[in-house]
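Structure first, commentary second.
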Amino acid sequence: MGQPSIATMHLRRAALRAMFTSLRALLIRTDDPMLDLCLHPRVEDGTRPVTSDECDLLRLTSVARSWATSLKPTAVALTEGGAWPGENAAVRIVDLLTRTSDDLLQVRIAGCGRRRDRRLTLTEWGSSVVRTRSRARRVVSRHGAARRLHAGRAR
C-alpha cells in the first residue's frame, strides 16, 4: 500500500478533529493531538504551464480527424486562449469579435463558477479554427446569431 493522497490525508485529519471535538464536548478528553499535525498544502506544486511543443502536439492531435465537424479543435483553441472547460460550451457565435489591428479573434467568455466575464484573445491558429467552426455552424442554421459554437448545450 502506497502513500495516501494529500486529499485523503486532509480528510482523515478532519475526521479525527471532529472526533476529538466531540470527545471534548462530552468531557472525555481535553486535548487535541491533531492541532500539531503537519500536512502538505492542498495544492501540489507540480503544476506548470504547457510548453510550446506540447501545445503544438495538442493542436495536431485535435485536427487529426474530421477538421470541420469535430469540436476538439475548437475546444483546444478556446482553452489555449484561456477559457476553462466549463466555459467552452457557452460560447456563441455572437461572442466572437475581430480585433482590427492583427485580425485575431477575441471571444467574450461568460464565466462560470468563480470565473468572471472577460474577453480572451485567441492565437492565430485558434482564430482560424474558430472562424472555420463558426462558418460551418452558420451554414447548418440560419439562426447564426443565436447559435452556440458547440453543438452541445451549455450548463
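What does the C-alpha gyration tensor say about the overall shape of the range 52-146? Classify as rounded when a/c is under 1.5, otherwise prolate if a/b is larger than b/c, or oblate.
rounded
Kindly state, to the nearest 0.05, the FRET efficiency for Arg99 paired with Val63, given R0 = 25 Å and r defined as their beta-carbon distance.
0.60
Mind listing the phi-derived Karplus ³J(HN,Hα) values for the range 16-25, rounded to whole Hz, using 6.51, -1.76 and 1.60 with θ = phi - 60°, and x for any glycine or proline?
The phi angles translate into 5, 5, 5, 5, 5, 5, 5, 5, 5, 5 Hz.
Rule-based calculations on the coordinates, nothing more; no lab input. The shown structure was predicted, so the numbers you read here are calculated from the model rather than taken from an experiment. Glycine gets a Cβ as well: all are built from the backbone with ideal geometry, and neighbour counts include every protein chain shown.
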